[in-house]
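Visitor: One structure follows; several queries about it will come next.
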There are 2 protein chains.
Amino acid sequence: MVVREKILDVIVSCFKRHGAKGLDTPAFELKDMLTEKYGEDSRLIYDLKDQGGELLSLRYDLTVPFARYMAMNKLKKMKRYHVGKVWRRESPTVVQGRYREFCQCDFDIAGHFDPMIPDAECLKIICEILSGLQLGDFLIKESRDCHGSERKSIDKALGLLPLSLQVSDRRILDGMFAVCGVPESKFRATCSSIDKLDKISWKDVRHEMVAQKGLAPEVADRIGDYVQCHGGVSLVEQLFQDPRLSQSKQALEGLRDLKLLYEYLTLFGIAEKISFDLSLARGLDYYTGVIYEAVLLQNPAEAEEEPLNVGSVAAGGRYDELVGMFNPKGHKVPCVGLSIGVERIFSIVEQRMKTFGEKIRTTETQVFVATPQKNFLQERLKLIAELWDAGIKAELLYKNNPKLLTQLHYCENMGIPLVVIIGEEELKEGVLKLRSVASREEVAIKRENLVAEIQKRLFES
Amino acid sequence: MVVREKILDVIVSCFKRHGAKGLDTPAFELKDMLTEKYGEDSRLIYDLKDQGGELLSLRYDLTVPFARYMAMNKLKKMKRYHVGKVWRRESPTVVQGRYREFCQCDFDIAGHFDPMIPDAECLKIICEILSGLQLGDFLIKESRDCHGSERKSIDKALGLLPLSLQVSDRRILDGMFAVCGVPESKFRATCSSIDKLDKISWKDVRHEMVAQKGLAPEVADRIGDYVQCHGGVSLVEQLFQDPRLSQSKQALEGLRDLKLLYEYLTLFGIAEKISFDLSLARGLDYYTGVIYEAVLLQNPAEAEEEPLNVGSVAAGGRYDELVGMFNPKGHKVPCVGLSIGVERIFSIVEQRMKTFGEKIRTTETQVFVATPQKNFLQERLKLIAELWDAGIKAELLYKNNPKLLTQLHYCENMGIPLVVIIGEEELKEGVLKLRSVASREEVAIKRENLVAEIQKRLFES
């Protein structure tokens, strides 16, 4: 929980730095609101039992509830963040609920604006958060052509994994499918095959497309030429000239927006951290334009050849139609946003801390109130109330007569830095002992100076 | 959300000050785990639809999940806090889910300890939080006998409501029922009548007990003598001498613990804020000892006679049997805890802010990046990235060519204190203008000094 809190703090501070206000929506949505928004994943939605009243479901993500909120309140623009739980019926055999409950941190910008400015800000936010969390080393795209991307040497001393931040556009993907000869009815099925390219090889994906999805082998090969392309803005330029792709009006729109996006990313100083990758195909139905995803890869030393996908830690994109779907008159509000997956980040940070033997305190207690005397509970209670009232984080043992050693052990186990010791002799003279747990040094302090001395020490440390 | 965040911050800081660690449990529990824990309120539990797997329900409070967690993990002691949502099927006609979803903040101490030390700390925490939130004026119990409690004059200038913090003990209540002649089978029904005493008069409660619950009139009258008693520690002393009540072993145990509790409350300096009130009868089944509740009352000027109950804002008590109910071998872990109701506190604070015309900013943006020039988007983007990278909270309008007046109006509406203005002339000389929105003063600043100057101004304000 302490690590979680720090992670959430980095994320929420960043959202606030970008001017977002907090918004909270209920955990339930009307069941109807969630249908036909998530494609194949709809089967993972939790429904509530019909106990009278409306049919409700638990939210599957924070994006659809946000769009529903915008539409219901007839809002035209908003920049908001939301930290909240979402629920998905994954691996229903697990007895405990914790793996079907996720914490997501979303940031979204809704409204009619000039193109790509909010989109670029979303990517800037992802970069700031991933850098702030020191999660991984961004793969810097230096090579400028298809198939060519060089990897910076990974700083293994820090335990950082290679981190890949990819961008693409739904319209380029759809245009590519069209010009390669995929029938429109098979766009989605093809898309879901492409989506596996970060987990299985092109050869296996090609096999799936031909054998299972029924694409002609030459269609699959044409797609293969594209989806293995990744690069930077130069790849955008190159695809503008591509004789086949440039026939698609949709693809050209996507390419034009990506070009503009890269201009803004350059101004933000993050263009070289973001690769344009045609194999990026986010599964959710509601994306309409730019899409992006940050994935952590396995360390090259551990992976056999290409680094494998460890997991997506941030993702998002543009969804210009979703708010309109909830508005009775179909009024649209264009939106772009991002979602940070706290659970995965948490397990990576935790793993790294274990590797490096870092110990984490579970509480923030600053001072422990102890005594070697019997029947000194009253003195301890009076003193600790003074500390609490001065805003100092303090604890004592809930025993009438605990042993001094037990009390000191508790401080060492819990990482409490300071101990106030109330002794009989000292009490008569209005003096207490302040002990540093680390150095075991003790100094006598007048009772009336105790709070000030503790505050001074805590401020200095 | 901003007000909510501040309220939560006061609460969580207090929990941490008392050495609690954060703990999070899933929103679902197995349906079986929640049955027979909440008495009549069980009908308010939300069940999930049976989509395969176990039968699940949404948690009704944070206490039962905590006890379940303690038992499942075979933990013997823990001091934890938990901020989370709970769900109750209240007023199912409301279309929106928000009123059936509540945020609760719980603090609990589990473990075998010497009596009343953790219980006193829970009451200290309630006092600290309610004082910290400046929610109301504690009713100070000065009078020492039954029926006698005097009210401090309420500070109306601050808009504070009278606040009553009451303590009692389940064992005293049960003992009182027994000695008054209530058959054990009617303890609970009688208890739920008593629980209404903060909303309806004794006359009406008496009528309900006799006419609906079937108590003999003389039994009801005996109960009436007790439940109209409220006072401080002197009432505890008085009841020790009560010829009828002192016949109950259970009641004597409760009185002994309350006496000890008041000793500790005196050491904590809060004894006079807490009244011993025999009409306090918390509804939930799981309490076994000390119980307490803080209620805000209507302002005496507005109420016709006695101030009415506006609402419970904090409550809790001792539940020594609950963990054992979840342990296969019945191993018990005594617990005591408290729960703060954020929703009610929020609406009170919001109401007060409206009354006093306080305006709340919804974002924390410190600086706005503006320009009077056309085609200066690139300059704005470059500059704002510098501010973000320096940790400064900054915004701009997502338009290629917004009007200067539109930009300045945005700052005034949103309460953003500073504006950086990029002009053409100034840009050539490497100079920017920094404008204070409140005073409308503008000063020219060298670009390389901008971040430092902004940080200086923000630090000073």
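Visitor: Which one of these does B:Ser339 not meet: (1) under 21 Å from B:Glu442 (Cβ atoms); (2) in a strand (DSSP E or B)?
Guide: If we test B:Ser339 against (1) under 21 Å from B:Glu442 (Cβ atoms); (2) in a strand (DSSP E or B), just (1) comes out false.
Visitor: Among the residues of the stretch A:40-49, is there at least one that is basic (Lys, Arg), over 30 Å from B:Ala385 (Cβ atoms) and surrounded by 22 or more Cβ atoms within 10 Å (Cβ to Cβ)?
Guide: no
Visitor: Can I ask one more? Could you tell me whether any residue of the stretch B:55-75 is surrounded by fewer than 15 Cβ atoms within 10 Å (Cβ to Cβ) and under 30 Å from A:Gly391 (Cα atoms)?
Guide: Yes, the stretch B:55-75 has at least one match.
Visitor: Could you tell me how many of the residues in the stretch A:346-362 are open to solvent by less than 50 Å² (accessible area, probe 1.4 Å) and not β-branched (Val, Ile, Thr)?
Guide: Number of matching residues: 3.
Visitor: Could you figure out which of (1) within 25 Å of the chain's Cα centre (by Cα); (2) hydroxyl-bearing (Ser, Thr, Tyr); (3) farther than 24 Å from B:Ser131 by Cα; (4) open to solvent by less than 10 Å² (accessible area, probe 1.4 Å) isn't true of B:Ser275?
Guide: (3) is the only condition that B:Ser275 fails.
Visitor: Something else now. Restrict the check to the stretch A:59-72 and report whether at least one residue is away from chain B (no Cβ under 13 Å), acidic (Asp, Glu) and under 20 Å from the mean Cα position of the chain (by Cα).
Guide: Checked against the condition, which is being away from chain B (no Cβ under 13 Å), acidic (Asp, Glu) and under 20 Å from the mean Cα position of the chain (by Cα), the stretch A:59-72 yields at least one hit.
Visitor: Starting from residues that are surrounded by fewer than 20 Cβ atoms within 10 Å (Cβ to Cβ) and facing chain A (nearest Cβ under 7 Å), keep the ones in the stretch B:24-34 and report whichever is nearest to A:Val3 (Cα to Cα).
Guide: B:Asp24
Visitor: A further question on this structure: Residue by residue through the stretch B:417-443, note down the ones that are loosely packed, with under 11 Cβ neighbours inside 10 Å and either at positive phi or assigned to a helix (DSSP H, G or I) (or both).
Guide: B:Glu425, B:Lys428, B:Gly430, B:Arg440
Visitor: Hey, another quick one. What number of residues within the stretch A:378-416 satisfy the criterion of being surrounded by 15 or more Cβ atoms within 10 Å (Cβ to Cβ) and either assigned to a helix (DSSP H, G or I) or more than 13 Å from chain B (Cβ to nearest Cβ) (or both)?
Guide: Summing the residues that are surrounded by 15 or more Cβ atoms within 10 Å (Cβ to Cβ) and either assigned to a helix (DSSP H, G or I) or more than 13 Å from chain B (Cβ to nearest Cβ) (or both) in the stretch A:378-416 gives 16.
Visitor: Sort out which residues of the stretch B:245-259 are surrounded by 17 or more Cβ atoms within 10 Å (Cβ to Cβ) and out of contact with any Phe, Trp or Tyr (no Cβ under 8 Å at 6 or more places or on another chain), and write them in order of number.
Guide: B:Ser248, B:Gln250, B:Ala251, B:Gly254, B:Asp257
Visitor: Further question on the same structure: Return yes when B:Gly330 is in the same structural domain as B:Leu62 (by the TED database) and part of a loop (DSSP other than H, G, I, E, B) and no when it is not.
Guide: Judged against the criteria, B:Gly330 is a match.
Visitor: Could you list, in sequence order, all residues of the stretch B:1-22 that are open to solvent by less than 20 Å² (accessible area, probe 1.4 Å), at the interface with chain A (Cβ under 8 Å from one of its Cβ atoms) and on the phi < 0 side of the Ramachandran plot?
Guide: B:His18, B:Ala20, B:Gly22
Visitor: Next question, about the same structure. Looking at the stretch A:201-215, is at least one residue open to solvent by less than 10 Å² (accessible area, probe 1.4 Å) and modelled with pLDDT under 90?
Guide: So far as the stretch A:201-215 goes, no, none of its residues is open to solvent by less than 10 Å² (accessible area, probe 1.4 Å) and modelled with pLDDT under 90.
Visitor: While we're looking at this one, here's another question. Just one of the numbered conditions (1) open to solvent by less than 40 Å² (accessible area, probe 1.4 Å); (2) of a type in the set (A, V, I, L, M, F, W, C); (3) more than 29 Å from B:Arg43 (Cβ to Cβ); (4) modelled with pLDDT of 95 or more is not true of B:Leu160; which one?
Guide: Condition not satisfied by B:Leu160: (4).
Visitor: Scan the stretch A:190-222 residue by residue and report those that are under 31 Å from the mean Cα position of the chain (by Cα) and of a type in the set (A, V, I, L, M, F, W, C).
Guide: A:Cys191, A:Ile194, A:Leu197, A:Ile200, A:Trp202, A:Val205
Visitor: So, one more: Output the number of residues of the stretch A:367-377 satisfying the condition of being buried (at least 21 other Cβ atoms within 10 Å of the Cβ) and of a type outside the set (A, V, I, L, M, F, W, C).
Guide: Summing the residues that are buried (at least 21 other Cβ atoms within 10 Å of the Cβ) and of a type outside the set (A, V, I, L, M, F, W, C) in the stretch A:367-377 gives 1.
Visitor: Right, next: If A:Glu448 meets every condition in (1) in contact with a Ser or Thr (Cβ under 9 Å, 6 or more places away or on another chain); (2) loosely packed, with under 12 Cβ neighbours inside 10 Å apart from one, which number is that one?
Guide: A:Glu448 satisfies all of (1) in contact with a Ser or Thr (Cβ under 9 Å, 6 or more places away or on another chain); (2) loosely packed, with under 12 Cβ neighbours inside 10 Å except (1).
Visitor: Further question on the same structure: Just to confirm my filter: which helices (runs of 4 or more DSSP H) fall fully inside the stretch A:197-267 and include at least 2 residues that are of a type in the set (Lys, Arg)?
Guide: It comes to A:202-207, A:249-267.
Visitor: Continuing with the same structure: Residues being at pLDDT below 95 and within 11 Å of chain B (Cβ to nearest Cβ): count how many of those fall in the stretch A:91-124.
Guide: The number of residues fulfilling the criteria is 13.
Visitor: Turning to a different aspect of this structure: When you check B:His82 against the structure, is it more than 9 Å from chain A (Cβ to nearest Cβ), in contact with a helix residue (DSSP H, G or I) (Cβ under 9 Å, 6 or more places away or on another chain) and surrounded by 17 or more Cβ atoms within 10 Å (Cβ to Cβ), yes or no?
Guide: yes
Visitor: Further question: Yes or no: the stretch A:433-451 includes at least one residue that is within 14 Å of chain B (Cβ to nearest Cβ), touching a residue at least 60 places away in the same chain (Cβ under 8 Å) and not aromatic (Phe, Trp, Tyr).
Guide: Yes, the stretch A:433-451 contains a residue that is within 14 Å of chain B (Cβ to nearest Cβ), touching a residue at least 60 places away in the same chain (Cβ under 8 Å) and not aromatic (Phe, Trp, Tyr).
The values are calculated or read from the model by the stated rules, or taken from the named source; none is laboratory data. Quantities reported herein were computed from a predicted structural model and do not represent experimental measurements. Here the Cβ is made from the backbone with ideal geometry for all residues, glycine too, and neighbour counts use every protein chain on show. The accessibility values were calculated without ligands, DNA or RNA, using every heavy atom of the protein model including side chains. Shrake-Rupley method; radii C 1.70, N 1.55, O 1.52, S 1.80 Å.
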